[in-house]
Amino acid sequence: MAKEERLFLSGNEAVALAARRAGVALGAGYPGTPSTEILERFSDLGGCAQWSPNEKVAFEVALGAAFGGARAVVTMKHVGLNVAADPFFTAAYTGVSGALVVVSADDPGLASSQNEQDNRRYAVAAGVPMLEPADSQDAFDYFLAAIELSERWGLPVLLRMTTRVCHSKTVVWPRAAPSPPGVPHFERDIVGRVMIPKYARLAHRRLRRKLAEIAAWNETSPVNNLLAGDQALGLISSGIAFMHAREAAPQAAMLKLGLTYPLPLEQIRRFVAGVDRCLVIEEGEPYLVDALRAAGITVEGKPDVFRFDELNVSRVRKIMAGDVAPEAAAPAERPPQLCPGCPHRAVFETLSKLQCIVAGDIGCYTLGVLPPFEALDTCVCMGASIGVGLGLRHVLPAAQARRVVSVIGDSTFVHSGLTGLVEMIYNPPATGHVLVILDNNTTAMTGLQEHPGTGRTLDHRPTGRVVFEDVARALGLNRVFVVDPLADRAAFEKLIVEGLAAGEPSVVIVRRPCLLIAEKHRERQQAATERSGTE
Amino acid sequence: MTDQVTNVIIAGLGGQGVLTAADILAEAAFRAGREVKKGELHGMSQRGGSVTSDVRFGVRVFSPMVTAGEADYLVVLAAEQVANNRIWLKAGGTLIAPETVDESVLPDKRTLNVALLGVLSVYLDLGVTLWQDAIRGHQAPRFHEANLQSFDLGRAAGRRARGA
Ligand SMILES: Cc1ncc(C[n+]2csc(CCOP(=O)(O)OP(=O)(O)O)c2C)c(N)n1
Ligand code: SF4
């Protein structure tokens, strides 16, 4: 037998390694903190990985691969599952022939997100089994368990991670992978895969039967662990909250849940009956508490103040003590800023000077909201800048409507701005509109990933490129301009002034690479030259 | 036992090498056969905001996060970040502030992170060769020499600080 390996990996790296060892044929996703490194590492390890335009497309590509009998993974941050929710729900009905693991990386505490939604509720809503790793070892093991579950029951499986599990590094002993993947091939199954009402009615019942079977299996499954301890206090926990709880109360009896949907209710009932006091320690929404109480199991939950923000050891101690005194403020932080010399700066200086009402979007450029610019008036979700800008234009008095501008990044435009552009052409406001696309040649916010507008694949090889000005013109827009605001600030300002006055929709594409990607490109160029020089 | 856990916080600003320093420390502890966990928040860190990373090692470690008021060591890379990060340090804990090393003697100012690890290394029982291997593992080869030199300068400064 090969010598046992001992590795030190982040949760994301552990998932990538497990995916590689399990013979996953395709990994698709869209970048989003804290999930991004999974596919990057999977690719580095030799796996076939791709960035799709958005999470919905990535999900569908992975689903197709799993229909074809392959093992597939799709990765996204929590809000990405909102975008992919449509196929997610119905894929639970169709099921899969191979395996499909859906990684959702949630962000309790909002380290880098616009909300702190708890995607455990999605597993329940869609009827998709869910595993919650607590560290990198779990991330590795549970990924393999997800593959096995997915193949055994022919269902997609949700691997629900959180920021601290994704980004913390812990020791991993890789276990042996499950049986090798099957050979992809197409097998016709019209009743199972074509969700017309007649067949979907059958599929809904089939899904519920499978979930009942999985619940029964979960009663004795190896992914839930009972840790003996003092019966005065019993703790039920899952994910990273387990680690904080174990540290805060090492003497307590514990039930660590790994497969948290469908729940092993009888095992939990027995555990609760065996302890004097039972407390559920969970981060985010009271998902476990609600589910257990609905099943008639009496447990204590956390006070509502602990629903907000992430947990840590001292907060768990407070939950155990019922201490709801106001918490000490976190250390003051210096907020991030647009890099000195960032091309986005010139844009916001100009929009601020022209007193524009700016419907903004998500990316580095969201930092345009902070001083000295304070030039962003709305930011909701990726792509919303265009719809929100148009809606404002439709109802505001003309003098105000004429000041409204939508600002969107290049990666965000491909993600969910294309349909907004179509809306602008189809339902143009009476005053026209101005859409500014910030084409900095990268997805900067999440760490410089490629996207369809860069014309390079996830691993930076050349591929087809979506050219924004060609798209806008082909859709029938007359006023389409490309400008570099650092090279000619006055020209940029003039385009905006004219666009605001035009009375018909305009698109202004601001094309100037992000400083960091420009440097990356120089480094890659240099490395390539050095390589070819030594050959 | 949790009481045998060593808790370290490394703090600074984006671009200063906080995360690399934490990686090197965690790797040295890992190579020493310890149970290690390293936590960090990175997302907007490239844009110059504050960054902290937690490294915990010992026999048995559960949470990847250091609890406020329980850090044994606080290593800070930016003078302006000392005051706000003090809350991490336990009573009697050791603060390693940027001025512990004389930046002007470093071969490269960007190696301040590794120099401060040199200071920290004087307090921890992790072998010097483990540190050196970890430094090589987390830096491009052309930076090895400068970093190893800064690490030694940091060790010398650490011995002086500890003796004083
Ligand atoms: C649905 C969804 N997926 C992913 C993210 C994470 N995310 C935030 S902004 C962004 C893209 C930023 O790229 P771009 O629009 O090119 O702007 P830049 O950061 O380069 O300025 C991503 C991937 C998100 N917030 N929502
Ligand atoms: S990373 Fe790039 S896009 Fe983001 S602020 Fe810096 S220069 Fe601008």
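Each value in this text was obtained by applying a stated rule to the coordinates, not by laboratory testing. All values derive from a computational prediction rather than experimental measurement. Positions of Cβ are generated from backbone atoms using ideal geometry, with glycine treated the same way; all protein chains shown enter the neighbour counts.
A few points about this structure:
- Theoretical FRET efficiency, 1/(1+(r/R0)^6), r = Cβ-Cβ of B:V59 and A:A232, R0 35 Å, to 0.05: 0.85
- For B:T94, the residues 5 or more places off, or on other chains, whose built amide H falls under 5 Å of its own are B:Y73, B:L74.
- Average partner coverage of A:337-344, which counts Cβ from other chains inside 10 Å: 2
- Label-to-label distance for B:R86 and A:A321 is 2.3 nm, based on points extended 7 Å past Cα in the beta-carbon direction.
- Integer Hz, Karplus 6.51/-1.76/1.60 couplings in order for region A:42-51, x for Gly and Pro: 4, 5, 4, 7, x, x, 8, 10, 9, 8
- Sequence-distant residues sharing a close amide H with A:M76 (under 5 Å, placed H): A:V103, A:A105
- Remark: C-alpha extents of region B:99-145 on the principal axes read 27, 27, 11 Å, sorted largest to smallest.
- Sparsely packed chymotrypsin sites (Phe, Trp or Tyr not before Pro) within region A:308-411, loop by DSSP, other Cβ within 10 Å at most 15: A:F308
- The modelled label-to-label distance between A:D470 and A:A501, using points 7 Å beyond Cα along the C-beta direction, is 3.3 nm.
- P(r) weight above 20 Å for region A:100-234, C-alpha pairs, percent: 59
- Of the peptides A:175-187, A:280-292, the order by per-residue mean of other Cβ atoms within 10 Å, starting with the highest, comes out as A:280-292, A:175-187.
- Selection from A:G499, A:L448, A:L421, by position along the positive dipole direction of region A:343-521 (Cβ): A:G499
- Whole-angstrom gap from region A:305-328 to region A:30-46, using each part's C-alpha centre: 33
- 10 Å Cβ neighbours from other chains, averaged over peptide A:245-257: 2
- As a calculated quantity, the FRET efficiency between A:A330 and A:Y426 at R0 = 51 Å, using C-beta atoms, amounts to about 0.65.
- Prolate/oblate/rounded call for chain B, Cα gyration tensor, a/c under 1.5 rounded: rounded
- Tensor-based shape of region A:343-521 (alpha-carbon gyration tensor, a/c under 1.5 rounded, otherwise prolate or oblate): prolate
- Fewest-first ranking of A:I362, A:I38, A:I297, using other Cβ atoms within 10 Å as the exposure measure: A:I297, A:I362, A:I38
- Debye, to nearest 20: dipole size of the protein assembly as shown, +1 on Lys, Arg Cβ, -1 on Asp, Glu Cβ: 920
- Residues A:H394, A:H78 in ascending order of nearby Cβ atoms (within 10 Å, fewest first): A:H394, A:H78.
- Pairwise FRET efficiency - A:T457 versus A:T529, Cβ, R0 = 25 Å, nearest 0.05: 0.75
- In sequence order, calculated HN-Hα J values of region A:288-301 (Karplus, 6.51, -1.76, 1.60; Hz; x Gly/Pro): 5, 4, 4, 5, 5, 5, 5, 8, x, 9, 8, 9, 8, x
- 3J(HN,Hα) from dihedral phi, region A:203-211, Karplus parametrisation 6.51/-1.76/1.60, rounded to Hz, x for glycine, proline: 5, 4, 5, 4, 4, 5, 5, 4, 5
- Relative counts (whole %) of C-alpha pair distances in region B:80-164, using bins that are 10 Å wide: 17, 47, 31, 5, 0
- Evaluated on chain A, the Kirkwood hydrodynamic radius is 25.1 Å, with distances taken between all distinct Cα atoms.
- Built amide H within the under 5 Å cut-off of A:H451, gap 5+: A:R456
- Counts of other chain beta carbons within 10 angstrom of each beta carbon in peptide B:95-106 average 0.
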